[in-house]
Amino acid sequence: MKQTISIQLFRVLQQGVVQLGGDALSQVKEYVISSQTPDGTFKGKNGQEDLYYSLFGWMLCYVLHVPVDTRKMEKYLHTIESEKLDLIHYAAWIRCRMLLTLFKKGKMALFLRLLYKTNVRTLDSFRMIPHDDPASPYTRFIYLSLLEDAGQRIEEKMEILQSLASYKVAGGGYANRKGSLTATVNATAAALSVKGQLEEYQQQEDIHYLRDIQDSTGGYKATHLTPVPDLLSTATALFTLHSYEVKPAVPPFDFIEAHWLDNGGFAATLLDETSDVEYTFYGLLALGSCR
């Protein structure tokens, strides 16, 4: 049985935790604990309780063994009007419900849950989807991982794989818009992950392209036009390379460590002086992908 994207993420995050020394582990845990609201959720950049950031926070809680009040978590998830969510937040809600099962009943219960289908919204039911394109690599990646989390079969595999070719950029990589002349790390990693899940994680030119566009610092820029590399692009690229069992061209440990702040969290770029649970997630994901 092929691992879902969520399970792969958990495994790599756990590998990232293993690489933290005792003091570093304590600091990261304290940062995550301090980021929780009294209701057990996590705040977004606007300082308000946020479903998307709560997903990152709860995933960190699981791998760091930070206690979670599942009654509060369940109460919060019940307040969400899922039919009104956009695709990104709906996928986050589905994964949070999966996490709730994991916190309450353990791995075996989650495994059994994934054997049975949970009804989910169809892709055409969302008014807001990334890039306003249901076929873009990133949209495909989000919806595929959503279906996996719900225990759904992935239908029309060949159609999905064939449609990705429309987003391929001459010279290597993928874009999220057809006809684009510039590939992005986000789209390239998404396309490669979809292909890996639907086919096999076999060596191909685009995974080598992703390896070779790494910055000399060890990080990844979102595009070749982006002035500085960022932790999100770096973690995404490294996670994809790890899935294909390809080592990065440049050891990224120094780059990752440079984004770790004194408060225990991780920053988006070297130009940022603040952290949040999303980028702390990416910091651990990047670390785990290097193993």
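Things to note:
- Karplus-based coupling profile of the stretch 16-24, in residue order and whole Hz: x, 4, 4, 7, 7, x, x, 5, 5, with θ = phi - 60° in 6.51 cos²θ - 1.76 cosθ + 1.60 and x standing for Gly or Pro.
- Per residue solvent-accessible surface (Å²) - the chain, probe of 1.4 Å: 49
- Separation of the stretch 24-94 from the stretch 244-262 is 26 Å, based on Cα centroids.
- Of GLY264, GLY22, GLY57, the one that fluctuates the most in a GNM where the chain has Cα springs shorter than 10 Å: GLY22
- Ordered by solvent-accessible area of protein heavy atoms (1.4 Å probe), largest first, the residues LYS195, LYS84 come out as LYS84, LYS195.
- Springs join every pair of Cα atoms under 10 Å in this Gaussian network model of the chain, and among THR234, THR226, THR280 the largest mean-square fluctuation is at THR226.
- All other residues whose Cβ lies under 14 angstrom from that of THR79 are scored, Lys and Arg at +1 and Asp and Glu at -1, for a net of -1.
- Near TYR174, the amide H atoms lying under 5 Å from its own belong to VAL169, THR184, THR188; only residues 5 or more places off or on other chains count, and H is placed 1.01 Å from N.
- Size descriptor for the stretch 68-190, Kirkwood hydrodynamic radius: 15.9 Å (Cα pairs only, one decimal).
- Radius 13 Å from Cβ of TYR167, net charge of other residues (Lys, Arg +1; Asp, Glu -1): +3
- Most to least accessible of ARG11, ARG71 (protein chains only, probe 1.4 Å): ARG71, ARG11
- List THR101, THR79, ordered by accessible area with a 1.4 Å probe, largest first: THR79, THR101
- Mean residue ellipticity (222 nm) of the chain, computed from DSSP H runs ≥ 4 via -39,500 (n - 2.57), nearest 500: -16500 deg cm²/dmol
- Amide H contacts of ASP276 (H built 1.01 Å from N, under 5 Å, at least 5 apart or other chain): PHE266
The values are calculated or read from the model by the stated rules, or taken from the named source; none is laboratory data. What you see is a predicted model, and the numbers here were worked out from it, not measured in a lab. Reconstructed Cβ throughout: ideal geometry from the backbone, glycine too, with neighbour counts over all protein chains shown. The protein model used for the area step is the full one, side chains on, heavy atoms only, and it has no ligands, DNA or RNA in it. Shrake-Rupley method; radii C 1.70, N 1.55, O 1.52, S 1.80 Å.
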